[in-house]
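Below is one structure, written out as structure tokens, with a few remarks after it.
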């Protein structure tokens with residue numbers, strides 16, 4: 001009788017040990033999956049942010065080409081000697097911002113100066129308005145290329161990703177996603193796969209609406 005009781009007790013102990021190890025394994029896998037969600041989400045966020053900033057840089061690169069070469073047409077196409085060029089006006093604005101907003105980075109100062117000057121100039125200068133609008137249009141192929149490259153480097157899903165020039169805040173916007181896969185643990189926790197979407201926005205292009213530029217979207221095939 002005593003031996004049978006001991007055997008039953010031993011059997012129960014083994015059963016509870018096995019069940020305990022199973023629950024611990026399930027808890028570990030669940031914890032791993034939860035952590036992995038945040039890792040994949042962060043990866044998608046980094047990809048979207050970097051892609052939108054890279055796209056903004058391409059837009060501004062094209063705009064700065066116009067700024068460096070632009071001369072306002074005067075009477076009979078002649079430029080008054082005392083009139084400042086667009087590049088000179090922006091340089092003066094940069095110097096002013098460096099004095100009043102010394103905490104800004106060099107890039108932030110330059111971008112803010114360009115926005116300030118163009119917001120003023122484009123309200124009355126139709127010729128410049130056309131030039132800036134055309135420069136934005138010319139930047140689109142390089143915008144597409146650089147966004148695709150950045151997304152691939154960050155292991156984002158390129159197909160279905162979307163570029164928007166410009167969103168309601170007049171910024172370049174990139175929507176992308178990364179794939180999340182759970183770790184399987186028996187039939188109670190099967191493998192699941194899901195795309196995690198994230199959005200990134202680039203530098204402000206506050207003068208975009210003054211150029212007559214319509215919102216443009218590109219979705220990768």
ask   = Which condition does residue 156 not pass, out of (1) modelled with pLDDT under 95; (2) surrounded by fewer than 18 Cβ atoms within 10 Å (Cβ to Cβ); (3) under 19 Å from the mean Cα position of the chain (by Cα), if it passes all the others?
value = (2)
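So if I check each of 174, 146, which one is assigned to a strand (DSSP E or B), modelled with pLDDT of 95 or more and in contact with a helix residue (DSSP H, G or I) (Cβ under 8 Å, 6 or more places away or on another chain)?
Values: 146 fails: assigned to a strand (DSSP E or B).
Of 174, 146, the one residue that is assigned to a strand (DSSP E or B), modelled with pLDDT of 95 or more and in contact with a helix residue (DSSP H, G or I) (Cβ under 8 Å, 6 or more places away or on another chain) is 174.
Kindly establish whether residue 128 is touching a helix residue (DSSP H, G or I) at 6+ places or on another chain (Cβ under 8 Å), surrounded by 14 or more Cβ atoms within 10 Å (Cβ to Cβ) and assigned to a helix (DSSP H, G or I).
On the way: touching a helix residue (DSSP H, G or I) at 6+ places or on another chain (Cβ under 8 Å): yes; surrounded by 14 or more Cβ atoms within 10 Å (Cβ to Cβ): yes; assigned to a helix (DSSP H, G or I): yes.
The answer is yes for residue 128.
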request  = Only residues in the range 132-155 that are at positive phi count as the first member; pair them with residues that are surrounded by 14 or more Cβ atoms within 10 Å (Cβ to Cβ) and part of a helix (DSSP H, G or I), Cβ under 8 angstrom, at least 6 apart or cross-chain, and list the lot.
outcome  = 155/43; 155/47
ask   = Just one of the numbered conditions (1) over 26 Å from the mean Cα position of the chain (by Cα); (2) surrounded by fewer than 13 Cβ atoms within 10 Å (Cβ to Cβ); (3) free of Cβ contacts under 8 Å to residues at least 12 places away in the same chain is not true of residue 123; which one?
value = (3)
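Can you find a residue that is in contact with a helix residue (DSSP H, G or I) (Cβ under 8 Å, 6 or more places away or on another chain) and modelled with pLDDT of 65 or more anywhere in the range 34-48? So that I can check it myself, show each step before the final result.
Our first condition is that a residue be in contact with a helix residue (DSSP H, G or I) (Cβ under 8 Å, 6 or more places away or on another chain); within the range 34-48, this holds for 47.
Cutting the leftovers down to modelled with pLDDT of 65 or more gives us 47.
There is at least one residue in the range 34-48 that is in contact with a helix residue (DSSP H, G or I) (Cβ under 8 Å, 6 or more places away or on another chain) and modelled with pLDDT of 65 or more.
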key: In the range 159-184, residue surrounded by the most Cβ atoms within 10 Å (Cβ to Cβ) [restricted to those that are within 12 Å of the chain's Cα centre (by Cα) and under 15 Å from residue 195 (Cα atoms)]   = 176
inquiry  = Whether any residue in the range 185-192 is touching a strand residue (DSSP E or B) at 6+ places or on another chain (Cβ under 8 Å) and modelled with pLDDT under 95 is what I want to check.
reply    = yes
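The values are calculated or read from the model by the stated rules, or taken from the named source; none is laboratory data. Note that the structure is a prediction, hence the values are computed from the model and not measured. Note that each Cβ is placed from the backbone with ideal geometry, even for glycine, and that neighbours are counted across all protein chains shown.
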